[in-house]
Amino acid sequence: MVQGTSVRSVALSALPGSLWRAAFARPGDGGEPPGHEPYESYGPPDRELHKSYGPPGPESYEPYESYGPGDPDDPFPADVLRALPPGFAARVVARSGERAGGVVWPAAPDDGGCFPDEDGWIYVSNCALPLLGGVTALRFAPDGTLRGGYRILSGADRCGPGAATPWHTWISGERTPYGRVFECDLYGRRAPMPRLGMGLFTHAGVACDPDRGVVYLTEGEPDGCLYRFRPDDRGDLTTGVLEVLAGDPGEESVTWERVPIPALPDHVPHYVPLREQVRGARRFAGGGDCHFSDGLVRFVTEGDGRVWAYDAARECLTVLHETAGTPGGCADGGFTLVAGDRAAPFLRVTGGWAVTGPAMSPDGDRLYFSCRPSRSGRPAPAVVTVEVRGPFHDLFRA
């Protein structure tokens, strides 16, 4: 961020755990920014700082407080509370299988996003359940109370990756071999539209370039590709061109080749899968999370733990980091906050909790994400969706 610019004027965003190191560096960098150590160094939180942040919300909320570690029946994951820095408080806004604002909250929340809504905001969350997947939205008033909840996509299959568009819709991709991409109206007033021109394949990550209106998509296969969709008209994903990244492994210079038939169904005679239609398509060791900022598309290849950066202006590809996490995925969850060109690792949750769907409210003072417990022999705690409130902008002050 430029010196002298108020950090409150810079939008905050959150990167999932597998991309947190990518936020710190440009190609060739290898370190973390000085002064941004992980917050576990702060020690356990002060209970006085985690008591109610204001009037309690409606009945679907838990109060802002610390439940204390060590009790397996805690209604809130104690590992999350231990990881919060001083001055921040958290509460549960939704529990999987229970009603929140009139809608049953999904059992497998995944990618999420926040949008302005009149004087409040909307948080949307994908659901990664097989056949019962979709997208659920929560509307919040300016004081944080819950105005209502509703579905904006139903009956989809394993909706994992998602991204906000600059024209305020939500893109949700299916993580299945012939998965579709849906564009969803935030209010559920218009039917979600399958954008078949964006391809039928195993969607792993989605990111949107707000300047060009281009959507980037990673593929969740052991030898997955990187795709981009260029709409014919900016702001309209109905028609456009789907391209796949091509070039020799190890080369920074790349090209894009058009995919001839993005939505060819598998029952057609002489069927050729989308991912096999272009010779010379570049292959990666399993596609993962994808994020766009500062002109770079950052994405993870989970098979080798690499974080890549594609420069949209220079059309070149580099490796940011060789060890973004454990190959095959990280056991623990977390994410990094980003403001302009500055980044701060905010939360790393131990104990096997997976953190999904991090998203900041439009004014940057509330953070939403879901916590999914580790699989173990004993009864696992419920999946919860959490709101953290606190002085996020102070994290970036010199």
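The values are calculated or read from the model by the stated rules, or taken from the named source; none is laboratory data. Given the structure is predicted, the values throughout are model-derived calculations rather than measurements. FYI the Cβ positions are ideal-geometry reconstructions off the backbone, even for glycines, and counts take in every protein chain you see. Quick note on the areas: whole protein, heavy atoms, side chains included, nothing else; ligands and nucleic acids left out. Shrake-Rupley method; radii C 1.70, N 1.55, O 1.52, S 1.80 Å.
Descriptive notes on the structure:
- Residues of the stretch 284-296 that turn out to be surrounded by fewer than 16 Cβ atoms within 10 Å (Cβ to Cβ) and not acidic (Asp, Glu), as a count: 1
- Of all residues in the stretch 167-181 being under 20 Å from GLU221 (Cα atoms) and open to solvent by 10 Å² or more (accessible area, probe 1.4 Å), the one that is nearest to the chain's Cα centre (by Cα): ARG175
- Scanning the stretch 200-247 for residues that are out of contact with any Asp or Glu (no Cβ under 9 Å at 6 or more places or on another chain), open to solvent by less than 10 Å² (accessible area, probe 1.4 Å) and under 18 Å from ARG275 (Cα atoms) turns up LEU217, GLU219, GLY224, LEU242.
- Within the stretch 210-236, the residues that satisfy the criterion of being in contact (Cβ under 8 Å) with a residue 60 or more places away in the chain, within 24 Å of ALA128 (Cα to Cα) and touching a Pro at 6+ places or on another chain (Cβ under 9 Å) are LEU217, THR218, GLY220, GLU221.
- Options ARG258, ARG283, ARG279; residue that is of a type in the set (D, E, K, R), without any contact (Cβ under 8 Å) to a residue 12 or more places away in the chain and over 23 Å from ALA339 (Cα atoms): ARG279
- Cβ separations smaller than 8 Å between residues 6+ apart or across chains give the following pairs from the stretch 350-363 residues that are within 16 Å of PRO116 (Cα to Cα) to residues that are among the hydrophobic types (A, V, I, L, M, F, W, C) and part of a loop (DSSP other than H, G, I, E, B): MET360/ALA11.
- Residue, surrounded by the fewest Cβ atoms within 10 Å (Cβ to Cβ), within the stretch 297-353, restricted to residues that are of a type in the set (Lys, Arg) and at pLDDT 80 or above: ARG314
- When the stretch 248-266 is limited to residues that are open to solvent by 80 Å² or more (accessible area, probe 1.4 Å), more than 21 Å from HIS203 (Cβ to Cβ) and part of a loop (DSSP other than H, G, I, E, B), the one that is modelled with the highest pLDDT turns out to be GLU252.
- TYR271 satisfies every condition listed in (1) hydroxyl-bearing (Ser, Thr, Tyr); (2) in a loop (DSSP other than H, G, I, E, B); (3) at pLDDT 90 or above except (3).
- Checking LEU274 against (1) open to solvent by less than 40 Å² (accessible area, probe 1.4 Å); (2) out of contact with any Pro (no Cβ under 8 Å at 6 or more places or on another chain), the condition it does not meet: (2)
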